[in-house]
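Heads up, the thing below is written out as structure tokens.
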Amino acid sequence: MKFFVDTADVDAIRELNDLGMVDGVTTNPSLILKSGRDILEVTKEICGIVDGPVSAEVVALEADAMIAEGRKLAEIADNITVKVPLTWAGLKTCKVLSDEGRMVNVTLCFSANQALLAAKAGATFISPFIGRLDDINLDGMDLIQDIRTIYDNFGFETQILAASIRTVNHVTQSALIGADVITAPPSVIKSLASHPLTDKGLDAFMKDWAKTGQSIL
Ligand code: G3P
């Protein structure tokens, strides 16, 4: 399973990328706002750090303007993935840009039927939002499972990019179901390393080591 990092914070991306934890990056207008950076400038910098796909999101709502924005974003670097919302205009944009050979990530997906449409429009990635479904008392993981089943039933090649990941359990469940990619904030990726029994075990080892009076170096 591929790990994308869901941020426009270049320092956080660099740190995880140096550890080999980053197969790609996803951004959105809220993350660009959080970064305080110009979208074109920060996206170009991210594309220079990471070899894999870097999603940059259009903000127009009409297809013609979305297509124009998508083409402009795609000029930033070869690894740009144009991110479009799951609306009719977004699906039209997806079809046009994917026919031009560009990578497209269809975002804000909340149903299996939406994911089916995105695959038929040639999406490279579909982004179902797990956490936001959990927020309204639905089970985001059910959606990941349904999309996996439907894509496998018909051999769709669109990759399932599990998004709006808030917890380590979302990562585990996405991996078990067979999502192709997860995108998560740096804090969630880092917390995958944590386990209370690891901390407890290490603490006991350190106490016993101190009692030996030895040193390795
Ligand atoms: O990739 C989409 C993601 O950024 C949304 O996450 O936590 O805002 O629902 P969240």
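The values are calculated or read from the model by the stated rules, or taken from the named source; none is laboratory data. This structure is a prediction, so every number in the text was calculated from the model and none was measured. Positions of Cβ are generated from backbone atoms using ideal geometry, with glycine treated the same way; all protein chains shown enter the neighbour counts. Ligands, DNA and RNA are excluded from the accessible area calculation, which covers all protein heavy atoms including side chains. Shrake-Rupley method; radii C 1.70, N 1.55, O 1.52, S 1.80 Å.
How far is helix 39-49 tilted, in degrees, relative to the longest principal axis of the Cα atoms in the chain, given as a value from 0 to 90 rounded to the nearest 10?
Helix 39-49 sits at roughly 50 degrees to that axis.
Figure the gain on full extension for TRP88 and LEU40 (residue separation times 0.36 nm, minus the Cα-Cα span) and round it to one decimal in nm. Show your work: numbers first, answer last.
Working: separation 48, 0.36 × 48 = 17.28 nm, distance 2.56 nm.
Contour length minus Cα-Cα distance gives 14.7 nm.
Please give the FRET efficiency for MET1 paired with ALA68, using the beta carbon to beta carbon distance and R0 = 45 Å, rounded to the nearest 0.05.
Numbers: r = 34 Å, r/R0 = 0.75.
Step by step, r from the Cβ atoms, then E = 0.85.
To the nearest 10 square angstrom, what accessible area does SER194 show with a 1.4 Å probe?
80 Å²
In debye, nearest 20, what is the charge dipole magnitude of segment 55-122 about its Cα centre with +1 on Lys and Arg Cβ and -1 on Asp and Glu Cβ, if you could check?
Working: 7 positive and 8 negative charges, 40 e Å.
It comes to approximately 200 debye.
Using Cα atoms only, what is the angle between the long axis of helix 196-212 and the major principal axis of the chain, expressed in degrees (0 to 90) to the nearest 10?
Compared with the principal axis, the helix lies near 30 degrees.
Using Cα-Cα distances under 8 Å and only pairs 6 or more residues apart, what relative contact order does segment 146-200 have, in percent?
It comes to 34 percent, rounded to a whole number.
Want the number for GLU100 to SER187: 0.36 nm per residue separation, take away the alpha-carbon distance, what's left? Display every interim value, and only then the final one.
Working: separation 87, 0.36 × 87 = 31.32 nm, distance 3.56 nm.
So the chain would gain 27.8 nm between GLU100 and SER187.
Amide H to amide H under 5 Å from GLY24: which residues, 5+ apart in sequence or cross-chain, H placed 1.01 Å off N in plane?
Residues meeting the amide H criterion: VAL5.
Which of ASP11, ASP180, ASP23 ends up with the largest GNM mean-square fluctuation for the chain, with Cα atoms connected below 10 Å?
Answer for the Gaussian network model of the chain: ASP11.
With angles folded into 0 to 90 degrees, how steeply does helix 140-154 sit against the dominant principal axis of the chain? Use alpha carbons for both and round to 10.
On a 0 to 90 degree scale, this one is about 60.
Please work out whether segment 1-116 counts as rounded, prolate or oblate from its C-alpha gyration tensor, where a ≥ b ≥ c are the square roots of the eigenvalues and a/c under 1.5 means rounded, while otherwise a/b larger than b/c means prolate and anything else oblate?
Working: a/c = 1.77, a/b = 1.53, b/c = 1.16.
Verdict is prolate for segment 1-116.
Which value at 222 nm does the chain reach when only helices count, each DSSP H run of 4 or more adding -39,500 (n - 2.57), with the total divided by all residues and rounded to the nearest 500 deg cm²/dmol?
Values: 11 runs with 114 residues, N = 217.
Computed ellipticity for the chain at 222 nm equals -15500 deg cm²/dmol.
Suppose every Lys and Arg Cβ carries +1 and every Asp and Glu Cβ carries -1, with no other charges. What dipole size does the chain come out with about its Cα centre, to the nearest 20 debye? Working shown, then result.
Values: 19 positive and 29 negative charges, 46 e Å.
The dipole magnitude comes to about 220 debye.
From the phi of every residue in segment 27-37, what ³J(HN,Hα) in whole Hz does the Karplus formula 6.51 cos²θ - 1.76 cosθ + 1.60 yield, where θ is phi - 60° and glycine or proline is x?
Karplus values, whole Hz, x for Gly and Pro: 10, 8, x, 5, 6, 5, 4, 4, 6, x, 10.
Count the lysine pairs in segment 77-217 that are 8 or more places apart or on different chains: how many have C-alpha atoms under 22 angstrom apart? Intermediate results must be reported in sequence, preceding the final value.
On the way: LYS83/LYS92; LYS83/LYS95; LYS83/LYS120; LYS92/LYS120; LYS95/LYS120; LYS190/LYS200; LYS200/LYS211.
Going through segment 77-217 pair by pair, I get 7.
For THR149 and ARG132 in one chain, what is 0.36 nm times their gap in residues minus the Cα-Cα distance, to one decimal in nm?
Working: separation 17, 0.36 × 17 = 6.12 nm, distance 2.12 nm.
Extending this stretch completely gives an extra 4.0 nm.
Enumerate by residue number the GluC sites (Glu not before Pro) in segment 27-95 meeting two conditions: DSSP loop (anything except H, G, I, E, B), and at most 13 other Cβ atoms within 10 Å of the site's Cβ. Spell out each step's value before the answer.
Working: sites: GLU41, GLU45, GLU57, GLU62, GLU69, GLU75; in loops: GLU62, GLU75.
Qualifying residues, ordered by number: GLU62, GLU75.
Can you compute the FRET efficiency between MET21 and ASN169 using 1/(1 + (r/R0)^6), with r the Cβ-Cβ distance and R0 = 22 Å? Round to the nearest 0.05.
Working: r = 19 Å, r/R0 = 0.85.
E between MET21 and ASN169, to the nearest 0.05, is 0.75.
Under 13 Å from the 7 Å Cα→Cβ point of LYS200, by amide nitrogen: which residues of segment 159-176?
none
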